[in-house]
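These notes are about the structure you will find just below.
Each reported figure results from applying straightforward, stated rules to the coordinates on display, with no laboratory input. For clarity, every value in this text was computed on a predicted model and none was experimentally measured. Note that we place each Cβ from the backbone using ideal geometry, even for glycine, and neighbour counts take in every protein chain shown.
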């Protein structure tokens, strides 16, 4: 029950990409921080392999929680961690075989953004994709 309650208050931020022209100017971290603060979600998580070398998420206000441990995950297990899209019936899809091969040895840094001070008392409705 507790994990279900937590999952209803948590969303994953993924695929932060900034055009090369604007990299290094501090815009991305400020944008991510402001976007998270405008979000209805009390908790926002992110995984970043680059977290070992670049404290981007920390500059954006996230707390570094730890590093995921490398394991021999199946493609389905790996897909669950890396947020594969869902099909039309809401069932999780597998990440592509190419993505699995490229990332199965990764040990990304796990980050968490505490947004409780910027959200209403009621968590957002669940279901579907999260914007």
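According to the Kirkwood relation over distinct C-alpha pairs, the hydrodynamic radius of the stretch 1-75 is 14.2 Å. For the listed peptides 44-51, 92-99, a ranking on the average number of other beta carbons within 10 Å per residue, highest first, reads 44-51, 92-99. Across the stretch 1-45, the volume of the C-alpha convex hull divided among the residues equals 67 Å³ per residue.
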